[in-house]
Each structure stands twice: as structure tokens, then as C-alpha cells.
């Protein structure tokens with residue numbers, strides 16, 4: 001029996017789109033299978049990190065800014081370009097640090113950034129929960145990815161909830177939300193590890 005050789009990524013996409021036009025119901029399963037064949041190992045998950053973390057404030061609120069780096073693998077980009085909605089989950093938590101007791105939780109936020117590609121219009125549509133899920137439309141993939149990876153001007157907590165001269169710790173992380181599959185495809189959920197990512201927790205200690 002001859003050795004199986006995976007299709008190149010361009011050939012995969014052409015074949016997938018051909019199948020989609022004829023049998024849209026099996027599109028997602030075929031895409032996941034082709035991505036599995038094109039990747040040597042699920043261990044190739046993105047080594048995502050957070051960078052440029054800034055904690056600042058206005059006269060009324062504590063704010064945080066940071067970027068997600070290394071979050072887009074080739075497999076994830078292929079999935080997006082073939083129409084799979086992709087969501088990043090960003091978690092932000094603020095604690096009051098205590099020397100002799102557990103840290104006290106002050107605030108906990110969960111943000112979601114979602115991108116979906118419209119192949120008919122050749123547009124990338126990005127929604128961000130902190131912007132009331134208003135849809136941003138981009139023609140350029142790089143600009144859409146930048147919008148997905150930027151966390152900017154997020155209100156963590158009103159300053160009136162903080163105590164002067166007290167110690168606080170901000171903890172942030174980001175992860176890829178599991179792809180939502182139709183019920184009849186739940187048994188292939190393990191395929192999505194091909195493009196999973198989850199950053200470590202990053203902390204910023206400060207005195208208000």
C-alpha cells in the first residue's frame with residue numbers, strides 16, 4: 001500500500017470549497033480532517049504570550065491595556081479563511097493583596113473577541129464584547145488579526161472601590177475558545193487542539 005501524503009494547504013482549500021458547494025452539511029467535518037492531516041502533531045499549539053501590559057487610570061476608573069502575541073497559527077488562519085468563527089476569551093481579575101490572609105477579589109472581567117470571514121464579500125468581521133459587540137469590518141486579514149489581539153482602554157474597576165496606599169494585583173490571561181461544532185460533530189472535538197492556545201497568567205502588582 002502506498003504511503004499517504006497530505007494535500008498542500010492550497011489544494012486542501014480548493015477541495016474543501018468544492019465539497020462545500022455540493023454538500024454543505026459535511027464541510028466542517030472535512031475541514032477538521034484536512035487540518036489534522038496537514039499538521040504533524042497537536043503539540044504545535046500556539047505559544048501565545050501577553051505583552052505591553054499597562055495599568056493606568058483616569059480620574060474615575062482603573063484601566064488596563066495589553067496585546068496578545070503569537071496567537072495565530074497557520075492552522076488557525078486556515079480555519080478562519082474557511083469560514084469557522086474563532087473567539088478569543090480574555091480574563092482580567094483584580095485582587096487586593098494581603099500579607100496574612102488570602103487575596104481579596106475586587107473585580108473579574110471576561111471579554112470575547114470573535115472573527116468570522118465572509119468569503120463572498122472577502123471581508124473579515126470582528127466583534128468585541130467590550131465594544132457592545134458592534135461589528136468591525138476589515139478587508140485585510142492582518143488588520144483583523146490586530147483587532148482581535150489588542151485589549152485597549154478596558155475599565156477594570158471604579159477608583160472609588162480602591163483604598164489609598166493599599167496593595168493590589170492585576171491578573172490577566174487569554175485563551176482560544178473551543179470551536180462550537182454542530183451536535184453531530186461533537187465526537188471530533190479533539191481535532192480543535194490543532195490550533196488551541198492558552199497563555200499563562202500575567203500579574204502586575206501596584207499600590208494605589
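Note on residue 166 and residue 51: with the Förster distance fixed at 35 Å, the Cβ-Cβ geometry gives a FRET efficiency of about 0.80. Residues 201, 101, arranged from fewest to most other Cβ atoms within 10 angstrom of their Cβ, appear as 101, 201. Efficiency by 1/(1 + (r/R0)^6): what FRET value for residue 122 and residue 142, r their Cβ-Cβ distance, R0 = 22 Å, to the nearest 0.05? Taking R0 as 22 Å, the efficiency between residue 122 and residue 142 is 0.95. Remark: the residue 60-residue 204 segment gains 49.9 nm on full extension, using 0.36 nm per residue and subtracting the alpha carbon distance. When 66, 138 are sorted by how many other C-beta atoms sit within 10 angstrom of their C-beta, beginning with the fewest, the order is 138, 66.
Where a number appears in this text, it was derived from the coordinates with a stated rule and is not lab data. Here the structure is a predicted model, which means the values were calculated and not measured. Neighbour counts are summed over all protein chains in view; Cβ atoms, including those assigned to glycine, are modelled from backbone coordinates with ideal geometry.
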